[in-house]
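Worksheet: the structure to be examined is printed underneath.
The values are calculated or read from the model by the stated rules, or taken from the named source; none is laboratory data. All of these numbers come straight from a predicted model, not from anything done at the bench. Because the Cβ atoms are built from the backbone with ideal geometry, glycine has one as well, and the counts that use them run over all protein chains shown. Calculation scope for accessible area: heavy atoms of the full protein, side chains included, ligands and nucleic acids excluded. Shrake-Rupley method; radii C 1.70, N 1.55, O 1.52, S 1.80 Å.
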Amino acid sequence: MPDRKATCVAFSNIALIKYWGNRDNTLRLPMNGSLSFTLDGAYTITTVEFGVDLPQDTIELDGAVASGPAAERISRHLDLMRTLAGVSSRARVASRNNFPTGAGIASSASGFAALTCAAAWALGLNLSDTELSRWARRGSGSAARSIGGGFVEWHASDEDAQSYAEVIAPAQHWPLHDLIAVVARGQKAVGSTEGHSLAHTSPLYAGRIAQVENDLPVMRRAILERDFQALGEIAEADALSMHAVMMTSRPSLIYWTPETVTVMRAVREWRRGGLACYFTIDAGPNVHVITTREAASEARYRLQQLTGVERIISCQVGPGARQGDESLF
(Lines give C-alpha, C1' and ligand atoms only; values in the text may rest on other atoms or scores of the structure.)
Protein backbone atom coordinates (compact mmCIF):
# COMPACT_ATOMS: atom_id res chain seq x y z
CA MET A 1 0.00 0.00 0.00
CA PRO A 2 1.43 3.43 -0.86
CA ASP A 3 1.86 5.91 1.96
CA ARG A 4 -1.47 7.49 2.78
CA LYS A 5 -2.14 10.48 5.03
CA ALA A 6 -5.21 12.38 6.18
CA THR A 7 -6.05 15.00 8.79
CA CYS A 8 -9.35 15.39 10.60
CA VAL A 9 -10.73 18.12 12.85
CA ALA A 10 -13.42 16.77 15.18
CA PHE A 11 -15.27 18.65 17.87
CA SER A 12 -16.16 17.72 21.41
CA ASN A 13 -19.80 17.53 22.46
CA ILE A 14 -21.79 18.19 25.58
CA ALA A 15 -24.40 15.60 26.46
CA LEU A 16 -27.72 17.01 27.63
CA ILE A 17 -28.84 13.50 28.49
CA LYS A 18 -25.74 11.52 29.31
CA TYR A 19 -24.41 8.04 28.72
CA TRP A 20 -23.03 6.20 31.74
CA GLY A 21 -22.56 2.45 31.74
CA ASN A 22 -22.37 -0.17 29.01
CA ARG A 23 -24.37 -3.24 28.14
CA ASP A 24 -21.25 -4.47 26.30
CA ASN A 25 -17.88 -3.06 27.36
CA THR A 26 -15.94 -4.39 24.37
CA LEU A 27 -18.30 -2.94 21.76
CA ARG A 28 -19.13 0.04 24.00
CA LEU A 29 -22.84 -0.48 23.55
CA PRO A 30 -24.49 1.95 25.97
CA MET A 31 -27.16 1.08 28.49
CA ASN A 32 -29.15 4.14 27.48
CA GLY A 33 -29.56 6.53 24.59
CA SER A 34 -28.19 10.06 24.86
CA LEU A 35 -28.58 13.52 23.33
CA SER A 36 -25.91 16.17 22.88
CA PHE A 37 -24.80 19.14 20.88
CA THR A 38 -21.42 19.56 19.22
CA LEU A 39 -19.09 22.31 20.49
CA ASP A 40 -17.34 24.60 18.03
CA GLY A 41 -14.80 25.86 20.58
CA ALA A 42 -13.36 22.54 21.79
CA TYR A 43 -11.71 20.38 19.14
CA THR A 44 -9.05 17.82 18.30
CA ILE A 45 -6.85 17.89 15.20
CA THR A 46 -5.43 14.49 14.24
CA THR A 47 -3.19 13.42 11.36
CA VAL A 48 -2.81 9.72 10.55
CA GLU A 49 -0.21 8.50 8.05
CA PHE A 50 0.12 4.86 7.08
CA GLY A 51 3.38 3.62 5.59
CA VAL A 52 4.95 0.25 4.79
CA ASP A 53 8.30 1.41 6.23
CA LEU A 54 7.02 1.79 9.79
CA PRO A 55 7.89 -1.08 12.19
CA GLN A 56 5.27 0.02 14.72
CA ASP A 57 2.71 2.73 15.37
CA THR A 58 4.20 6.00 16.58
CA ILE A 59 1.85 8.28 18.46
CA GLU A 60 2.23 11.90 19.52
CA LEU A 61 -0.36 13.52 21.78
CA ASP A 62 -0.26 17.25 22.44
CA GLY A 63 3.37 17.41 21.34
CA ALA A 64 4.65 14.50 23.45
CA VAL A 65 5.37 10.90 22.44
CA ALA A 66 2.67 8.67 23.90
CA SER A 67 3.34 5.30 25.48
CA GLY A 68 1.63 2.90 27.85
CA PRO A 69 -2.16 2.51 28.03
CA ALA A 70 -2.95 5.67 26.03
CA ALA A 71 -0.82 4.56 23.07
CA GLU A 72 -2.07 0.98 23.31
CA ARG A 73 -5.69 2.14 23.20
CA ILE A 74 -5.02 4.16 20.04
CA SER A 75 -3.16 1.27 18.37
CA ARG A 76 -6.03 -1.09 19.17
CA HIS A 77 -8.42 1.31 17.51
CA LEU A 78 -6.16 1.56 14.47
CA ASP A 79 -6.17 -2.25 14.34
CA LEU A 80 -9.95 -2.14 13.86
CA MET A 81 -9.56 0.24 10.94
CA ARG A 82 -6.69 -1.78 9.45
CA THR A 83 -8.76 -4.96 9.62
CA LEU A 84 -11.66 -3.18 7.94
CA ALA A 85 -9.35 -2.03 5.13
CA GLY A 86 -7.51 -5.35 4.88
CA VAL A 87 -4.06 -3.85 5.50
CA SER A 88 -1.38 -4.28 8.15
CA SER A 89 0.70 -1.10 7.72
CA ARG A 90 1.69 0.77 10.85
CA ALA A 91 0.83 4.44 11.27
CA ARG A 92 2.18 7.76 12.48
CA VAL A 93 -0.40 9.62 14.55
CA ALA A 94 -0.13 13.22 15.68
CA SER A 95 -3.01 14.66 17.68
CA ARG A 96 -3.61 17.91 19.55
CA ASN A 97 -6.47 19.33 21.58
CA ASN A 98 -7.18 23.03 22.05
CA PHE A 99 -8.58 22.30 25.52
CA PRO A 100 -7.47 20.32 28.60
CA THR A 101 -7.23 16.56 28.01
CA GLY A 102 -8.83 14.06 30.36
CA ALA A 103 -10.49 16.75 32.49
CA GLY A 104 -14.13 15.96 31.83
CA ILE A 105 -14.57 18.00 28.65
CA ALA A 106 -15.05 14.95 26.42
CA SER A 107 -11.54 14.91 24.95
CA SER A 108 -11.94 11.21 24.15
CA ALA A 109 -15.06 12.05 22.12
CA SER A 110 -13.34 14.50 19.81
CA GLY A 111 -10.11 12.49 19.94
CA PHE A 112 -11.51 9.16 18.77
CA ALA A 113 -13.85 10.81 16.28
CA ALA A 114 -10.84 12.55 14.73
CA LEU A 115 -8.73 9.38 14.85
CA THR A 116 -11.48 7.30 13.24
CA CYS A 117 -12.11 9.73 10.40
CA ALA A 118 -8.44 10.44 9.69
CA ALA A 119 -7.60 6.72 9.64
CA ALA A 120 -10.60 5.87 7.45
CA TRP A 121 -9.78 8.62 4.95
CA ALA A 122 -6.07 7.73 4.89
CA LEU A 123 -6.97 4.08 4.21
CA GLY A 124 -9.37 5.05 1.42
CA LEU A 125 -12.40 3.66 3.23
CA ASN A 126 -15.65 5.07 1.90
CA LEU A 127 -17.70 5.08 5.10
CA SER A 128 -20.98 6.87 5.75
CA ASP A 129 -21.44 9.07 8.82
CA THR A 130 -23.44 6.25 10.39
CA GLU A 131 -20.57 3.81 9.86
CA LEU A 132 -17.99 6.33 11.10
CA SER A 133 -20.11 6.88 14.20
CA ARG A 134 -20.23 3.14 14.89
CA TRP A 135 -16.47 2.76 14.53
CA ALA A 136 -15.73 5.87 16.59
CA ARG A 137 -17.94 4.39 19.33
CA ARG A 138 -15.55 1.44 19.59
CA GLY A 139 -12.78 3.82 20.68
CA SER A 140 -14.86 5.96 23.03
CA GLY A 141 -18.62 5.77 23.41
CA SER A 142 -19.22 9.52 23.30
CA ALA A 143 -17.09 9.77 20.14
CA ALA A 144 -20.11 8.36 18.30
CA ARG A 145 -21.78 11.75 18.85
CA SER A 146 -18.80 13.81 17.60
CA ILE A 147 -19.00 12.62 14.00
CA GLY A 148 -22.06 14.76 13.34
CA GLY A 149 -22.62 18.46 13.97
CA GLY A 150 -25.50 20.30 15.58
CA PHE A 151 -27.82 18.37 17.88
CA VAL A 152 -27.13 14.65 17.92
CA GLU A 153 -28.85 11.54 19.29
CA TRP A 154 -26.96 8.31 20.00
CA HIS A 155 -29.19 5.23 19.92
CA ALA A 156 -28.78 2.43 22.45
CA SER A 157 -29.11 -1.13 21.19
CA ASP A 158 -28.00 -4.68 21.86
CA GLU A 159 -26.82 -4.80 18.23
CA ASP A 160 -23.54 -3.26 17.06
CA ALA A 161 -25.05 -2.11 13.77
CA GLN A 162 -27.93 -0.29 15.47
CA SER A 163 -25.95 1.72 18.02
CA TYR A 164 -24.88 4.90 16.26
CA ALA A 165 -25.48 8.63 16.48
CA GLU A 166 -27.42 10.78 14.03
CA VAL A 167 -28.10 14.49 13.67
CA ILE A 168 -31.63 15.46 14.72
CA ALA A 169 -31.19 19.20 14.07
CA PRO A 170 -28.39 21.18 12.36
CA ALA A 171 -26.13 23.65 14.15
CA GLN A 172 -28.08 26.65 12.89
CA HIS A 173 -31.32 25.29 14.36
CA TRP A 174 -30.73 26.92 17.75
CA PRO A 175 -27.84 29.25 18.74
CA LEU A 176 -27.23 27.90 22.23
CA HIS A 177 -23.97 28.71 24.02
CA ASP A 178 -21.91 26.47 26.29
CA LEU A 179 -19.52 28.32 28.62
CA ILE A 180 -17.15 25.74 30.06
CA ALA A 181 -15.94 26.92 33.46
CA VAL A 182 -12.55 25.22 33.85
CA VAL A 183 -11.85 24.78 37.56
CA ALA A 184 -9.24 22.01 37.17
CA ARG A 185 -6.96 21.34 34.19
CA GLY A 186 -5.34 18.10 35.34
CA GLN A 187 -6.32 14.65 34.18
CA LYS A 188 -8.84 12.91 36.39
CA ALA A 189 -7.59 10.04 38.52
CA VAL A 190 -10.23 7.58 37.27
CA GLY A 191 -11.02 7.68 33.57
CA SER A 192 -14.47 7.32 32.07
CA THR A 193 -13.79 3.83 30.72
CA GLU A 194 -13.21 2.52 34.24
CA GLY A 195 -16.12 4.57 35.54
CA HIS A 196 -18.54 3.03 33.06
CA SER A 197 -17.64 -0.42 34.32
CA LEU A 198 -18.60 0.61 37.88
CA ALA A 199 -22.00 2.10 37.02
CA HIS A 200 -23.88 -1.16 37.59
CA THR A 201 -22.62 -1.35 41.19
CA SER A 202 -24.67 1.68 42.25
CA PRO A 203 -28.04 0.97 43.90
CA LEU A 204 -29.34 4.06 42.08
CA TYR A 205 -28.45 2.88 38.60
CA ALA A 206 -31.69 1.11 37.66
CA GLY A 207 -33.67 4.19 38.66
CA ARG A 208 -31.43 6.42 36.56
CA ILE A 209 -31.88 4.24 33.46
CA ALA A 210 -35.66 4.30 33.89
CA GLN A 211 -35.64 8.09 34.24
CA VAL A 212 -33.49 8.51 31.14
CA GLU A 213 -35.97 6.50 29.09
CA ASN A 214 -38.69 8.92 30.20
CA ASP A 215 -36.55 12.02 29.60
CA LEU A 216 -35.22 11.20 26.12
CA PRO A 217 -38.42 12.03 24.16
CA VAL A 218 -39.01 15.13 26.31
CA MET A 219 -35.47 16.38 25.65
CA ARG A 220 -35.78 15.59 21.95
CA ARG A 221 -38.95 17.66 21.81
CA ALA A 222 -37.33 20.49 23.78
CA ILE A 223 -34.53 20.65 21.22
CA LEU A 224 -36.82 20.55 18.20
CA GLU A 225 -39.17 23.17 19.71
CA ARG A 226 -36.31 25.29 21.13
CA ASP A 227 -37.77 25.14 24.64
CA PHE A 228 -34.86 26.40 26.75
CA GLN A 229 -36.46 25.91 30.16
CA ALA A 230 -37.38 22.28 29.44
CA LEU A 231 -33.92 21.57 28.02
CA GLY A 232 -32.15 23.17 30.97
CA GLU A 233 -34.22 21.53 33.68
CA ILE A 234 -33.77 18.05 32.23
CA ALA A 235 -30.06 18.54 31.50
CA GLU A 236 -29.33 19.75 35.03
CA ALA A 237 -31.29 16.94 36.65
CA ASP A 238 -29.68 14.35 34.39
CA ALA A 239 -26.16 15.51 35.29
CA LEU A 240 -26.95 15.29 39.00
CA SER A 241 -28.44 11.84 38.48
CA MET A 242 -25.33 10.59 36.71
CA HIS A 243 -23.04 11.95 39.41
CA ALA A 244 -25.25 10.40 42.09
CA VAL A 245 -24.63 7.03 40.44
CA MET A 246 -20.89 7.74 40.38
CA MET A 247 -20.86 8.72 44.04
CA THR A 248 -22.72 5.57 45.07
CA SER A 249 -20.78 3.11 42.92
CA ARG A 250 -18.33 0.72 44.59
CA PRO A 251 -15.72 2.05 44.72
CA SER A 252 -17.30 5.48 44.57
CA LEU A 253 -16.23 8.26 42.21
CA ILE A 254 -16.30 11.88 43.30
CA TYR A 255 -15.19 14.14 40.47
CA TRP A 256 -16.40 17.42 41.95
CA THR A 257 -14.14 19.94 43.68
CA PRO A 258 -15.26 22.78 45.96
CA GLU A 259 -15.00 25.06 42.92
CA THR A 260 -17.38 22.80 41.00
CA VAL A 261 -20.01 23.30 43.67
CA THR A 262 -19.36 27.06 43.74
CA VAL A 263 -20.18 27.32 40.03
CA MET A 264 -23.28 25.11 40.38
CA ARG A 265 -24.63 27.20 43.24
CA ALA A 266 -23.89 30.45 41.39
CA VAL A 267 -25.71 29.29 38.26
CA ARG A 268 -28.81 28.46 40.28
CA GLU A 269 -28.67 31.82 42.05
CA TRP A 270 -28.30 33.68 38.75
CA ARG A 271 -31.23 31.78 37.29
CA ARG A 272 -33.43 32.70 40.25
CA GLY A 273 -32.49 36.30 39.44
CA GLY A 274 -33.68 35.94 35.84
CA LEU A 275 -30.53 34.98 33.91
CA ALA A 276 -31.15 32.19 31.39
CA CYS A 277 -28.58 29.57 32.41
CA TYR A 278 -28.35 25.95 33.55
CA PHE A 279 -25.38 23.75 34.38
CA THR A 280 -24.36 20.28 33.35
CA ILE A 281 -21.22 18.33 34.23
CA ASP A 282 -19.58 15.42 32.44
CA ALA A 283 -17.29 12.91 34.18
CA GLY A 284 -14.99 15.50 35.70
CA PRO A 285 -14.90 18.66 37.81
CA ASN A 286 -15.45 21.28 35.12
CA VAL A 287 -18.87 22.85 34.69
CA HIS A 288 -20.68 23.50 31.42
CA VAL A 289 -23.02 26.48 31.68
CA ILE A 290 -25.68 26.26 28.98
CA THR A 291 -27.16 29.61 28.09
CA THR A 292 -28.83 31.54 25.29
CA ARG A 293 -27.25 33.88 22.77
CA GLU A 294 -28.86 36.85 24.53
CA ALA A 295 -27.58 35.89 28.00
CA ALA A 296 -24.14 34.54 27.05
CA SER A 297 -22.16 37.75 27.52
CA GLU A 298 -23.55 38.39 31.01
CA ALA A 299 -23.12 34.76 32.03
CA ARG A 300 -19.50 34.79 30.90
CA TYR A 301 -18.82 38.01 32.82
CA ARG A 302 -20.27 36.55 36.01
CA LEU A 303 -18.31 33.30 35.65
CA GLN A 304 -15.11 35.31 35.32
CA GLN A 305 -15.75 36.84 38.75
CA LEU A 306 -15.97 33.49 40.53
CA THR A 307 -13.01 32.41 42.62
CA GLY A 308 -11.53 29.18 41.30
CA VAL A 309 -12.58 29.54 37.67
CA GLU A 310 -9.24 29.33 35.85
CA ARG A 311 -10.49 29.69 32.31
CA ILE A 312 -13.69 29.87 30.33
CA ILE A 313 -13.99 28.06 27.00
CA SER A 314 -16.76 29.69 24.99
CA CYS A 315 -18.59 27.40 22.60
CA GLN A 316 -21.58 27.55 20.34
CA VAL A 317 -23.30 24.71 18.54
CA GLY A 318 -20.67 23.41 16.14
CA PRO A 319 -20.08 21.39 12.99
CA GLY A 320 -19.36 17.74 12.46
CA ALA A 321 -15.96 16.17 11.86
CA ARG A 322 -14.27 17.53 8.75
CA GLN A 323 -11.09 17.23 6.76
CA GLY A 324 -8.25 19.56 7.67
CA ASP A 325 -4.55 19.96 6.98
CA GLU A 326 -1.38 19.91 9.05
CA SER A 327 -1.09 23.70 8.99
CA LEU A 328 -3.76 23.63 11.70
CA PHE A 329 -1.11 22.31 14.09
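For the stretch 146-180, the set of residues classified as exposed (fewer than 15 other Cβ atoms within 10 Å of the Cβ) and under 12 Å from residue 320 (Cα atoms) consists of 170 only. Residues of the stretch 56-96 that are small (Gly, Ala, Ser), in a strand (DSSP E or B) and in contact (Cβ under 8 Å) with a residue 12 or more places away in the chain: 91, 94, 95. Close Cβ contacts (under 6 Å, 6 or more residues apart or on different chains) running from residues in the stretch 212-229 that are surrounded by fewer than 15 Cβ atoms within 10 Å (Cβ to Cβ) to residues that are in a loop (DSSP other than H, G, I, E, B) comprise 226/174.
Might you check whether a residue that is among the basic types (Lys, Arg), open to solvent by 50 Å² or more (accessible area, probe 1.4 Å) and more than 15 Å from the chain's Cα centre (by Cα) occurs anywhere in the stretch 96-118? Write out each step before concluding.
Looking only at the stretch 96-118, we keep the residues that are among the basic types (Lys, Arg), and these are 96.
Then keep just the ones that are open to solvent by 50 Å² or more (accessible area, probe 1.4 Å); that gives 96.
Keeping just the survivors that are more than 15 Å from the chain's Cα centre (by Cα) gives 96.
Scanning the stretch 96-118 turns up at least one residue that is among the basic types (Lys, Arg), open to solvent by 50 Å² or more (accessible area, probe 1.4 Å) and more than 15 Å from the chain's Cα centre (by Cα).
For the stretch 201-218, does any single residue satisfy the condition of being in contact with a helix residue (DSSP H, G or I) (Cβ under 9 Å, 6 or more places away or on another chain) and under 25 Å from residue 41 (Cβ atoms)? No: the stretch 201-218 contains no residue that is in contact with a helix residue (DSSP H, G or I) (Cβ under 9 Å, 6 or more places away or on another chain) and under 25 Å from residue 41 (Cβ atoms). The selection criterion, being of a type in the set (Asp, Glu) and assigned to a strand (DSSP E or B), does not hold for residue 53. Among the residues of the stretch 23-45, none is identified as open to solvent by 10 Å² or more (accessible area, probe 1.4 Å), assigned to a strand (DSSP E or B), touching a Lys or Arg at 6+ places or on another chain (Cβ under 6 Å) and not hydrophobic (A, V, I, L, M, F, W, C).
Given the structure, is residue 70 open to solvent by 20 Å² or more (accessible area, probe 1.4 Å) and either within 19 Å of residue 140 (Cβ to Cβ) or touching a Pro at 6+ places or on another chain (Cβ under 8 Å) (or both)?
Values: open to solvent by 20 Å² or more (accessible area, probe 1.4 Å): yes; either within 19 Å of residue 140 (Cβ to Cβ) or touching a Pro at 6+ places or on another chain (Cβ under 8 Å) (or both): yes.
Considered against the rule, which asks whether it is open to solvent by 20 Å² or more (accessible area, probe 1.4 Å) and either within 19 Å of residue 140 (Cβ to Cβ) or touching a Pro at 6+ places or on another chain (Cβ under 8 Å) (or both), residue 70 comes out as yes.
In summary, residue 7 fulfils each of the numbered conditions (1) within 16 Å of the chain's Cα centre (by Cα); (2) part of a strand (DSSP E or B) with the single exception of condition (1). Restrict the check to the stretch 244-255 and report whether at least one residue is buried (at least 23 other Cβ atoms within 10 Å of the Cβ), within 18 Å of residue 32 (Cβ to Cβ) and at pLDDT 95 or above. Yes: the stretch 244-255 contains one or more residues that are buried (at least 23 other Cβ atoms within 10 Å of the Cβ), within 18 Å of residue 32 (Cβ to Cβ) and at pLDDT 95 or above.
Residue under question is residue 259, and the condition is that it be of a type in the set (D, E, K, R), surrounded by fewer than 19 Cβ atoms within 10 Å (Cβ to Cβ) and in a helix (DSSP H, G or I); does it hold?
Numbers: of a type in the set (D, E, K, R): yes; surrounded by fewer than 19 Cβ atoms within 10 Å (Cβ to Cβ): no; in a helix (DSSP H, G or I): yes.
Taking the combined requirement at face value, the residue does not satisfy it.
Return the residues of the stretch 284-317 that are of a type outside the set (S, T, N, Q) and touching a Lys or Arg at 6+ places or on another chain (Cβ under 7 Å); say none if nothing qualifies. Before you say what the answer is, go through the steps one by one.
First, pick out the residues of the stretch 284-317 that are of a type outside the set (S, T, N, Q): 284-285, 287-290, 293-296, 298-303, 306, 308-313, 315, 317.
Scanning the stretch 284-317 gives 284, 310, 312.
Report whether or not residue 78 is at pLDDT 95 or above and farther than 30 Å from residue 232 by Cβ. I'd like the intermediate steps shown before the answer.
On the way: at pLDDT 95 or above: yes; farther than 30 Å from residue 232 by Cβ: yes.
Yes.
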